[in-house]
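Have a look at the structure below before the remarks.
Throughout, read-outs are computed from the coordinates displayed, never taken from laboratory work. Given the structure is predicted, the values throughout are model-derived calculations rather than measurements. Positions of Cβ are generated from backbone atoms using ideal geometry, with glycine treated the same way; all protein chains shown enter the neighbour counts.
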Ligand code: SDX
């Protein structure tokens, strides 16, 4: 991302915050207003562009496009800054807990002791799943990926909780938000238990959110389960680090789904589906698979080079980021937590050694330096979760449990934003010109512009 040059105060004050767009083909110009937030890049407000000019903008992947305004999270990618409602992520990770961070993201301020107690208490009222929802699990194969189960079960919540579907009702919106946050650990843990052929443990309201997640995942019904405070703290910190990240792919998916008026359960299910991709939340699982593939330090060089080969689709999983062109501040905290958890558990995981050597080697490689590719939140999270006993297939489920509060906070914000309307992007059309229909008995083997291969994803 080009460095944002500071505008000198004098120039900024002397000139209006507008931009002039000139069509060099016609010589016509139009003025567009500039927008500036509390922090971050200046924007050209192009809402009126098409209406005024009949001209569209083109920005696949939204690399230069802001889709909305928001008060929730701020990222400064050039300087590795991540703020949630103004609070730096490392301060929250080191001093807050996940429930407090949820309150902050949802309601905009850190809670008072009374507000925290009320919020914790309300979330605990919704940790149980309707008994008929638990029957959904038996419809899946035991080998189903837990993310496939999570997408299905979360979407199905809208078949049950009709008392929190009216998105125009503030109380119903709040109930849906608290209910989804509360049920995600239960839904995720049950997907794991189902894969193991084990009974579903009841949530325990005498435990904290993260302790409860731990006991639902790893308790054995035949024995008393003792919560390990180190693991509970590590999970809580992991959830904080995954809670929100402004307009990432899955959050943008939730916003787009919500812009049509879809119910909150369906919107969160769409976010889960998007998060599952290996370029996004599925990267933590992909990092572990990549480390398995690399196998030893001797192979690192080969894979670092492979990741640079333009003819090879292989990418170094856990590296790079659309916004961070410096260290992902979450990765820094995650790295420290990784060392702490492995040390306390007395685990000497060669994968951590391998990951650290891979990180060292990549960070000194000219290709990674030039393209500003640094470790992101997914690079270390898988190693911690593996150390805590989570199977690789549950890594993205854990990401989804943490990110649910971010999704639902943005969903809520989008609904009350007076500038928001149904999201409906346009396109650059490159297909066939208008042509006449040919009855089937008069059709030979005609090559269309894209050829028959286009059906299967490749141009002939
Ligand atoms: C998350 O958006 C968010 O905030 C996401 C997230 C969140 O909290 O919600 O932070 C969580 O999704 C983190 C990212 C997890 N994904 C991975 O670790 C997968 C590996 N990373 C890449 O797939 C990639 O870096 C992305 C998807 C993360 C970012 O892709 P971009 O912004 O579209 O960047 P790009 O693909 O245009 O890459 C720019 C260049 C390209 O080379 P050129 O075409 O310019 O020659 O850098 C190269 C890429 O080939 N590149 C990599 C690379 N990532 C980018 N080359 C090797 N290895 C990589 N990992």
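Normalised by 2.2 N^0.38 Å, where N counts its residues, the alpha-carbon radius of gyration of region 31-108 equals 1.44. Could you tell me how many degrees, from 0 to 90 and to the nearest 10, lie between the Cα long axis of helix 264-275 and the main elongation axis, the longest principal axis, of the Cα atoms of the chain? Helix 264-275 and the main axis of the chain meet at about 80 degrees. Note on residue 348 and residue 370: their simple-model spin labels are 4.0 nm apart, each label 7 Å out from Cα toward Cβ.
Cβ-Cβ distance of residue 35 and residue 115, R₀ of 45 Å, FRET efficiency by 1/(1 + (r/R0)^6): the value works out to about 0.85.
Going by average Cβ density within 10 Å per residue, which order do the peptides 265-272, 411-418 take, highest to lowest? If you can, show how the numbers build up before the last one.
Values: 265-272: 25.8, 411-418: 16.6.
By packing density, highest mean first, the sequence is 265-272, 411-418.
Relative to the longest principal axis of the Cα atoms of the chain, the long axis of helix 98-107 makes an angle of roughly 40 degrees.
Hey, could you get me the Stokes-Einstein D for region 228-358, Kirkwood radius over alpha-carbon pairs, 4 °C and 1.567 mPa s, rounded to whole µm² s⁻¹? Once the numbers are plugged in, D ends up at 76 µm²/s.
Show me the ranking of peptides 358-365, 192-199 by mean Cβ neighbours inside 10 Å, starting with the highest. Don't skip to the answer; put the middle values down first.
On the way: 358-365: 16.9, 192-199: 14.8.
Per-residue Cβ counts within 10 Å, averaged per peptide and sorted highest first, yield 358-365, 192-199.
Rounded to the nearest 10 degrees, the angle from helix 170-196 to the longest Cα principal axis of the chain is 60 degrees. Counting neighbouring beta carbons within 10 Å and listing from fewest to most, the residues 397, 153, 81 come out as 81, 153, 397.
For 58, 103, 327, which order do you get if you count the other beta carbons within 10 Å of each Cβ and list the fewest first? The partial results should precede the final answer.
On the way: 58 8, 103 22, 327 16.
So the ranking, lowest neighbour count to highest, is 58, 327, 103.
Region 262-293 and region 23-58 have Cα centres spaced 34 Å apart.
Annotation for residue 26 and residue 69: the two label points, set 7 Å from Cα along the Cα-Cβ direction, are 2.9 nm apart. Is the shape of the chain best called rounded, prolate or oblate, per the rule: a/c under 1.5 gives rounded, else a/b larger than b/c gives prolate, else oblate, with a ≥ b ≥ c the square roots of the Cα gyration tensor eigenvalues? Cα axes put the chain in the rounded bin.
By the beta-carbon count within 10 Å of each Cβ, the least crowded to most crowded order of 328, 169, 97, fewest first, is 169, 97, 328.
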